[in-house]
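**Student:** Dropping a structure here in structure tokens format, bear with me for questions.
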There are 2 protein chains.
Amino acid sequence: MTTTGQQLFTTLTADGKLTLEVSEESFPEPTGNQVLVKMEAAPINPSDLAILTSAADFDNAEYSPGKVVAQMPEPFLSGQKSRHGQRLPAGNEGAGTVVATGDNDMAKALMGQRVACVPGNAFSQYAIADAMMCLPLGDHSSEVGASSFVNPMTALGFVENAKMDGQKAIVHTAAASNLGQMLIKICQEDGIELVNIVRKTEHVEMLRGIGAKYVVNSSDDDFMEQLRTAIDESDAFYGFDPIGGGQAVDNVFKAMEQVAVSKMTEYSRYGSNQAKRMFIYGRLDFGPTILTPSYGFGWTLSGWLLTPFLANAGMETVVKMRTRVQQNLTTTFASSYKAKVNLEEMLTKEAISDYRQMKTGEKYLVTPWG
Amino acid sequence: MTTTGQQLFTTLTADGKLTLEVSEESFPEPTGNQVLVKMEAAPINPSDLAILTSAADFDNAEYSPGKVVAQMPEPFLSGQKSRHGQRLPAGNEGAGTVVATGDNDMAKALMGQRVACVPGNAFSQYAIADAMMCLPLGDHSSEVGASSFVNPMTALGFVENAKMDGQKAIVHTAAASNLGQMLIKICQEDGIELVNIVRKTEHVEMLRGIGAKYVVNSSDDDFMEQLRTAIDESDAFYGFDPIGGGQAVDNVFKAMEQVAVSKMTEYSRYGSNQAKRMFIYGRLDFGPTILTPSYGFGWTLSGWLLTPFLANAGMETVVKMRTRVQQNLTTTFASSYKAKVNLEEMLTKEAISDYRQMKTGEKYLVTPWG
């Protein structure tokens, strides 16, 4: 028996044309530990936008029902050379109902259940998923469970990573995001100090409202002073940044070093001995990362991705993290959405222009049967 | 008994005036494990220039015998706020003859010997040094031994660090330097592959002449292709950069990622899983470090300094490294100098304008009694 349904694809060709298209596809019968999920809800995460919209010109794109063709500028066209010509599925995560399973017991046990999953083609009416990575949602709706992997596991991953590195405090930039709010709650639960950097006054109030102790506003004139004070009080020399481009990380390193230097009794041309560590985990800003020579040599900056982190953390830690998400899906790990769109609506100019901005608190949910 | 002699000092005041000055100083009697060294030779290293010249305007400075006053521009003036008003000694390392010692046996055993040392005020006719850090030079002259700490231990440190991290290949930028040439010899001796990046055709030939296998020229049109080929053949995803500013590191990360991606069978929006690691250990370029978003998230960039590395490496490793330097001072670890200057000559417009450029193969040696 073959199942058919709509699925979204993204194709970038060498001439710079990025095509997003909904088409009717056949889905194979699941085998072994696979399950076939009728997808009911999938969030559009920033990590999805990397292959959906990237830096393409959607203001001047050609729109037709279920299809859009936009031009990709350089250097982003060449930078994605290895995907040229490939028709890629999209959508990291989502939730739906298991309608068929492979022969393995773990898969069979999920038959008929509502599950969250990470199929990689969640922007689709059906998806094949690995039973091992499925999270049974019980009485929760697919909408409640749609975002139960990427943001929750990333936020938990930061705290696990900090603990592994012996840290008791974290700096987080662009902290008003859905993920940022989860991180605030996790840090409260685990007794980790958290310095939240936001860009708007209303976000300062929002984060204070959910109990954040340190919230600094990068739009304020005395931002650097606020940041130094928060770092000094929290002892946070370790942090995570989803912005990537510009000087978000640079500012944090500067403030960390200034706090450390203020405690030194003797001048050193090499800066302080305080180890400073930052991770870039996203690209809200596609511009280059700028690091000024103003914090000595005691710093380390890395990219951070969930999948290799989970691979390193080991199965026991991952299972512990998954269980914690499952048990707190409507509290610590709750997500909210600005709008719901089906696959065709997802490809309208209005929708793309809005969700590609990745504004705080304005996440879209794709409901493929809506 | 008090010894007096000439010593160089560098003072930066809050109004932006950088004063370099030779003055007559008194040196105390050494106590405990200290020795008093009559300094005979000291190299001007890039790390010394950080407090000697930094970014000050020496073209329009006021010069008088044994003194120069130059203006320090922003942001370098504010960036060095914690040294404002402090009269600092200069000169990391040098060599000379022990003329007095403290009471400890280790110190007393050095009486009358020629030693290399790391006093921090090597641009001086006398310096107090720690006997533990002194390297007896035997029959070698002070000129031969003057540079036996910073460059040799740094080059050895890179290889030790690579081995600790399980690496068998290294990329080195600005590789034609004195340190770069030492690194080539060390890597040959230790069976580590080394990709040397230089900026001039004559440097390609020079490094090939001392047996370097991979030398790529960043001034060539096909630089990136040369670099990819060398990385691919050597399997070097780990490296060291003394430039700091600009895109030297960015280019290396790009080439590493392109090599890794070329071996992937499936496209990933997150880039390759190949871990890429670079260290910045100097600031030949004071500009900001530019990192473009073109090599995924599997990269780590750190500052690298010798002192914390040695502290982490432990006494046994450090002693092993010191012994290796001592035994190969005129071969692997030989240094050469463009010019010799005494303390007054060091502060002339001609000398400063020349040595502050840190040109490859044009290092200055200070001979305080010359």
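**Student:** Scan the range A:270-283 residue by residue and report those that are at the interface with another protein chain (Cβ under 8 Å from one of its Cβ atoms) and under 23 Å from B:Ala248 (Cα atoms).
**Tutor:** Of the range A:270-283, the ones at the interface with another protein chain (Cβ under 8 Å from one of its Cβ atoms) are A:270, A:273, A:280-281, A:283.
Matches in the range A:270-283: A:Tyr270, A:Ile280, A:Tyr281, A:Arg283.
**Student:** While we're on this one: Please enumerate the residues belonging to the range A:66-79 that are within 11 Å of chain B (Cβ to nearest Cβ) and either in contact with a strand residue (DSSP E or B) (Cβ under 8 Å, 6 or more places away or on another chain) or closer than 18 Å to A:Asn342 by Cα (or both). First the steps, then the outcome.
**Tutor:** At the first step, the residues of the range A:66-79 found to be within 11 Å of chain B (Cβ to nearest Cβ) are A:75-76, A:78-79.
Once the filter is applied, which keeps residues that are within 11 Å of chain B (Cβ to nearest Cβ) and either in contact with a strand residue (DSSP E or B) (Cβ under 8 Å, 6 or more places away or on another chain) or closer than 18 Å to A:Asn342 by Cα (or both), the range A:66-79 yields only A:Phe76.
**Student:** Could you list all residues from the range A:251-269 that are open to solvent by less than 50 Å² (accessible area, probe 1.4 Å) and within 9 Å of chain B (Cβ to nearest Cβ)?
**Tutor:** A:Val261, A:Tyr267, A:Ser268
**Student:** Moving on. Please identify the pairs in which a residue from the range B:301-329 that is modelled with pLDDT of 90 or more has its Cβ atom under 8 Å from the Cβ atom of a residue that is open to solvent by 80 Å² or more (accessible area, probe 1.4 Å) and not in a helix (DSSP H, G or I), counting only partners at least 6 apart or on another chain.
**Tutor:** Matching pairs, first to second residue: B:Pro308/A:Asn273.
**Student:** If you don't mind, another one. What residue, among those in the range A:1-51 that are in contact (Cβ under 8 Å) with a residue 12 or more places away in the chain and among the charged types (D, E, K, R), is farthest from A:Phe286 (Cα to Cα)? Quick ask: steps written out before the conclusion?
**Tutor:** Going through the range A:1-51, the residues in contact (Cβ under 8 Å) with a residue 12 or more places away in the chain turn out to be A:1-14, A:16-51.
The next check asks that each one be among the charged types (D, E, K, R); those that pass are A:17, A:21, A:24-25, A:29, A:38, A:40, A:48.
Working: A:Lys17: 19, A:Glu21: 24, A:Glu24: 33, A:Glu25: 33, A:Glu29: 40, A:Lys38: 34, A:Glu40: 31, A:Asp48: 15 Å.
Of everything passing the filter in the range A:1-51, A:Glu29 is farthest from A:Phe286 (Cα to Cα).
This table checks each residue for (1) closer than 30 Å to B:Thr323 by Cα; (2) at pLDDT below 95; (3) under 20 Å from the mean Cα position of the chain (by Cα).
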site: B:Pro65; (1), (2), (3): no, no, no
site: B:Glu74; (1), (2), (3): no, yes, no
site: B:Thr97; (1), (2), (3): yes, no, no
site: B:Gly102; (1), (2), (3): yes, no, no
site: B:Leu110; (1), (2), (3): yes, no, no
site: B:Ala122; (1), (2), (3): yes, no, yes
site: B:Ser142; (1), (2), (3): yes, no, yes
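**Student:** Out of the residues in the range A:195-234 that are free of Cβ contacts under 8 Å to residues at least 24 places away in the same chain and under 15 Å from A:Ile184 (Cα atoms), which is surrounded by the fewest Cβ atoms within 10 Å (Cβ to Cβ)?
**Tutor:** Selected residue: A:Gly209.
**Student:** Is it fair to say B:Gly138 is more than 20 Å from B:Thr323 (Cβ to Cβ) and small (Gly, Ala, Ser)? Give the steps one after another, and end with the answer.
**Tutor:** Working: more than 20 Å from B:Thr323 (Cβ to Cβ): no; small (Gly, Ala, Ser): yes.
Judged against the criteria, B:Gly138 is not a match.
**Student:** Which of the following residues is assigned to a strand (DSSP E or B), open to solvent by less than 10 Å² (accessible area, probe 1.4 Å) and of a type outside the set (A, V, I, L, M): B:Thr19, B:Thr10? Show your work before the answer.
**Tutor:** Numbers: B:Thr19 fails: open to solvent by less than 10 Å² (accessible area, probe 1.4 Å).
From the options B:Thr19, B:Thr10, the qualifying one is B:Thr10.
**Student:** Which of the residues belonging to the range B:235-250 are surrounded by fewer than 20 Cβ atoms within 10 Å (Cβ to Cβ) and touching a Gly at 6+ places or on another chain (Cβ under 9 Å)?
**Tutor:** Within the range B:235-250, B:Gly245, B:Gly246 qualify.
**Student:** Taking only the range A:31-54 into account, find how many residues are buried (at least 17 other Cβ atoms within 10 Å of the Cβ) and not in a strand (DSSP E or B). Before the answer, list the steps.
**Tutor:** The first filter runs over the range A:31-54 and keeps only residues buried (at least 17 other Cβ atoms within 10 Å of the Cβ), leaving A:33-54.
Those left that are additionally not in a strand (DSSP E or B): A:33, A:44-54.
Of the residues in the range A:31-54, 12 are buried (at least 17 other Cβ atoms within 10 Å of the Cβ) and not in a strand (DSSP E or B).
**Student:** With the structure loaded, tell me whether A:Ala70 is open to solvent by less than 30 Å² (accessible area, probe 1.4 Å), assigned to a loop (DSSP other than H, G, I, E, B), in contact (Cβ under 8 Å) with a residue 24 or more places away in the chain and under 18 Å from A:Thr13 (Cβ atoms) or whether it fails that test.
**Tutor:** On the way: open to solvent by less than 30 Å² (accessible area, probe 1.4 Å): yes; assigned to a loop (DSSP other than H, G, I, E, B): no; in contact (Cβ under 8 Å) with a residue 24 or more places away in the chain: yes; under 18 Å from A:Thr13 (Cβ atoms): yes.
Considered against the rule, which asks whether it is open to solvent by less than 30 Å² (accessible area, probe 1.4 Å), assigned to a loop (DSSP other than H, G, I, E, B), in contact (Cβ under 8 Å) with a residue 24 or more places away in the chain and under 18 Å from A:Thr13 (Cβ atoms), A:Ala70 comes out as no.
**Student:** Could you look through the range B:300-349, keep only residues that are part of a loop (DSSP other than H, G, I, E, B) and within 14 Å of chain A (Cβ to nearest Cβ), and pick out the one that is most open to solvent (accessible area, probe 1.4 Å)?
**Tutor:** Taking the range B:300-349 first, the residues part of a loop (DSSP other than H, G, I, E, B) are B:304-305, B:314, B:328-338, B:342-344, B:348.
Then drop every residue that is not within 14 Å of chain A (Cβ to nearest Cβ), which leaves B:304-305.
Numbers: B:Trp304: 13, B:Leu305: 38 Å².
Checked the range B:300-349; the qualifying residue most open to solvent (accessible area, probe 1.4 Å) is B:Leu305.
**Student:** Within the range B:161-173, is even one residue without any contact (Cβ under 8 Å) to a residue 40 or more places away in the chain, of a type in the set (A, V, I, L, M) and touching a helix residue (DSSP H, G or I) at 6+ places or on another chain (Cβ under 7 Å)?
**Tutor:** For the range B:161-173, residues without any contact (Cβ under 8 Å) to a residue 40 or more places away in the chain, of a type in the set (A, V, I, L, M) and touching a helix residue (DSSP H, G or I) at 6+ places or on another chain (Cβ under 7 Å): absent.
**Student:** Since B:Ser336 meets every condition but one in (1) under 30 Å from B:Tyr63 (Cβ atoms); (2) modelled with pLDDT of 95 or more; (3) of a type in the set (S, T, N, Q), which condition does it not meet?
**Tutor:** It fails just one condition, (2).
**Student:** Sticking with this one: Only one residue in A:Phe286, A:Phe297 is within 26 Å of the chain's Cα centre (by Cα), at the interface with chain B (Cβ under 10 Å from one of its Cβ atoms) and aromatic (Phe, Trp, Tyr), so which one is that? Steps first, answer last, please.
**Tutor:** Numbers: A:Phe297 fails: within 26 Å of the chain's Cα centre (by Cα).
Being within 26 Å of the chain's Cα centre (by Cα), at the interface with chain B (Cβ under 10 Å from one of its Cβ atoms) and aromatic (Phe, Trp, Tyr) holds for just one of A:Phe286, A:Phe297, which is A:Phe286.
**Student:** Can you find a residue in the range B:108-124 that is in contact (Cβ under 8 Å) with a residue 40 or more places away in the chain, under 20 Å from B:Glu21 (Cβ atoms) and outside any loop (DSSP other than H, G, I, E, B)?
**Tutor:** yes
**Student:** Looking at A:Ser294, A:Ser272, which is the one that is open to solvent by 30 Å² or more (accessible area, probe 1.4 Å) and either under 26 Å from B:Leu284 (Cα atoms) or assigned to a helix (DSSP H, G or I) (or both)?
**Tutor:** Working: A:Ser272 fails: open to solvent by 30 Å² or more (accessible area, probe 1.4 Å).
That would be A:Ser294, the only listed residue that is open to solvent by 30 Å² or more (accessible area, probe 1.4 Å) and either under 26 Å from B:Leu284 (Cα atoms) or assigned to a helix (DSSP H, G or I) (or both).
**Student:** Evaluate the range A:32-49: report whether one residue or more is more than 14 Å from chain B (Cβ to nearest Cβ), more than 24 Å from the chain's Cα centre (by Cα) and of a type in the set (Lys, Arg).
**Tutor:** Within the range A:32-49, not a single residue is more than 14 Å from chain B (Cβ to nearest Cβ), more than 24 Å from the chain's Cα centre (by Cα) and of a type in the set (Lys, Arg).
**Student:** OK, next. Which of the residues spanning the range A:215-250 are part of a helix (DSSP H, G or I), more than 10 Å from every other protein chain (Cβ to nearest Cβ) and more than 14 Å from A:Asn196 (Cβ to Cβ)?
**Tutor:** Residues satisfying the conditions are A:Met224, A:Glu225, A:Arg228, A:Asp232.
**Student:** Right, next: Name the residue that is farthest from the other protein chains (Cβ to nearest Cβ), counting only residues in the range B:80-105 that are open to solvent by 30 Å² or more (accessible area, probe 1.4 Å) and within 22 Å of B:Thr307 (Cα to Cα).
**Tutor:** Quick first cut of the range B:80-105, residues open to solvent by 30 Å² or more (accessible area, probe 1.4 Å) only: B:81-82, B:84-87, B:89, B:97, B:99, B:101, B:103-105.
Pick out the ones that are also within 22 Å of B:Thr307 (Cα to Cα) and you get B:82, B:89.
Numbers: B:Ser82: 5, B:Pro89: 11 Å.
Top of the filtered list is B:Pro89.
**Student:** Does A:Arg87 meet the test of being among the basic types (Lys, Arg) and in contact with a His (Cβ under 9 Å, 6 or more places away or on another chain)? Break it down into steps so the answer makes sense when it comes.
**Tutor:** On the way: among the basic types (Lys, Arg): yes; in contact with a His (Cβ under 9 Å, 6 or more places away or on another chain): no.
Spelling it out, it is not the case that A:Arg87 is among the basic types (Lys, Arg) and in contact with a His (Cβ under 9 Å, 6 or more places away or on another chain).
The values are calculated or read from the model by the stated rules, or taken from the named source; none is laboratory data. Model, not experiment: these values are computed from the prediction. Here Cβ is always computed from backbone atoms with ideal geometry, including for glycine, and neighbour counts include all displayed protein chains. Ligands, DNA and RNA are stripped out before the accessible areas are found, and what is left, the full protein with its side chains, is counted by its heavy atoms. Shrake-Rupley method; radii C 1.70, N 1.55, O 1.52, S 1.80 Å.
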